[in-house]
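The structure under discussion appears below in the form of structure tokens.
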Amino acid sequence: MATEAEEKVYNHYAHTDPCKDSRWTARECYEFMYGKPWKVVNDFYLDLVNGHSSLAELFGPKDDDDTVRSSDEYAPENSLPDDQSGRWARVTFKIIVSYHGEYFDGWQKQPGLNTVQGLVERSIGMFVDDRKAQQRKDKGLPVEGMSVVAGRTDKGVTALNQVCSFYTWRKDVSNEEIKHAINFEAPEKLRVVSVSQVSRAFHPNFCAKWRRYLYIFPFGEGDCREQTSEMDKGQRCWKSEISEDNPEEKTIDLPGEKDKLEGVKKPTSFTVRRVDQLLQHLQGKLLSYRMFARDTKASRNTGPPTECFLYHARAAEARIPCTNKDHATDGMKVMCIELVGNRFLRRMVRVLVATAVREAAAGSEEDVLLKLMEATCRRATAPPAPPDGLCLVDVGYSDFDPQKCFIH
């Protein structure tokens, strides 16, 4: 006999506001988001990773040479301490890497998967000191280095200035040797932006004061058959998202067209201006984003561990330079969402983007994102947007400067 928990079925969150009948279901959100021409965005990100293009092309010329500059200038405690003995004798290197998410299974090293961390640590294995190398050999382990990172990225997410570091007791290792070793492993997919020697006190994650993400959402229609394929893919991913987030709950297919309320026609478009208005209500506030997180541990569902402070949250229309004959010569129209915060939860950016688009299309009130934070079920928010559009732009180690943003 099935227990009460086993019989419990969740299919959709019951919204009670006036927009509940015009709000997309989770399946409809996935169909809308995955039915876009993401290849154009992926190609643009690949050019950025390889240094063939710049983000400035999206937003036009700026007063400064670069709105977002290399985070090398923000590295804390670049000067080494006078005492070079004991634990301070080891040398710490700060590495800034740029990689395309399409070619990697995320940052974190996992058995049998092609991850950025795995590639980096294999590359720097040749710079490990003799003692550590012998210890790993005695244990039957490959000789690899150990790196720490400013923030882990999921599968499919691109990074332009990801910051990581590693240390060694060897004194004969140069910055150029490290750069060459990593670049050699995955040309055209991963590129080292810079390598520098920093203080032993530097930690990419704990020393960071903010992270900047950019999400590019394409408006082009693309080929209908390709869109259908992507929609099917989105539905499969949606079922997977539910099972990962709530493994103890059963899931069923959400209502289709024939199950919609009779006489209710849901919107199929939204304005960038409305998305921008919704996001601005999050700026300058310390809030709990537990409803916008996914796959977090139960111990992190309440309290300070879920609180984040967004310095900047804006959306604007832009155009991706495109040579495709199917599009205008001035490029494909896209929506860019720029988010800068002290920290981000697992899949928080993607859920926030998808939810903002859904609420903008439904015509919700401007403070709807704040109200959704008080919900009791994560199905109140939309399923994560595709990872193809997300990019970790840079990591800051000094106080955030609002003037150094793409969208104002």
Pop a pseudo-label 7 angstrom from the Cα along the beta-carbon direction at both D130 and S398 and give the gap in nm to one decimal. 4.2
The ³J(HN,Hα) series, computed from each phi in segment 186-196 with the Karplus coefficients 6.51, -1.76 and 1.60 at θ = phi - 60°, rounded to the nearest Hz and given as x for glycine or proline, is 8, x, 6, 10, 9, 9, 7, 6, 6, 10, 8
Just how many pairs of Lys in segment 77-206 have C-alpha atoms closer than 23 Å, counting pairs that are eight or more places apart or on different chains? 17
Most exposed first by the Cβ proxy, i.e. fewest other Cβ within 10 Å, how do L392, L141, L279 rank? L141, L279, L392
Using bins 5 angstrom wide from zero, how does P(r) for segment 77-206 break down, in % of all Cα pairs? 2, 11, 20, 23, 20, 14, 7, 2, 0
Once phi is turned into θ = phi - 60°, what whole-Hz ³J(HN,Hα) does the Karplus curve with 6.51, -1.76 and 1.60 give for every residue of segment 395-407, x standing for Gly and Pro? 10, x, 10, 10, 4, 5, 10, x, 6, 9, 10, 7, 10
Tell me, in nm to one decimal, what length is gained between D138 and E57 on full extension, where the rule is 0.36 nm per residue of separation less the Cα-Cα distance? 24.0 nm
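Report the net charge of residues surrounding F104, where surrounding means a beta-carbon distance below 12 angstrom and charges are Lys +1, Arg +1, Asp -1, Glu -1. Spell out each step's value before the answer.
On the way: positive: K109, R152, K155, K189; negative: E102, D105, D154, E185.
Neighbourhood net charge equals 0.
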For N175 and N114, extending 7 Å from Cα along the Cα-Cβ vector and measuring point to point gives, in nm, a value of 3.0
Quick one: Karplus J couplings for segment 352-363, per residue in order, coefficients 6.51, -1.76, 1.60, θ = phi - 60°, nearest Hz, x for Gly and Pro? 5, 5, 4, 5, 5, 5, 4, 6, 5, 5, 7, x
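None of the figures in this text is laboratory data; all of them are computed from the coordinates on show. This is a predicted model, so every value here is computed, not measured. Because the Cβ atoms are built from the backbone with ideal geometry, glycine has one as well, and the counts that use them run over all protein chains shown.
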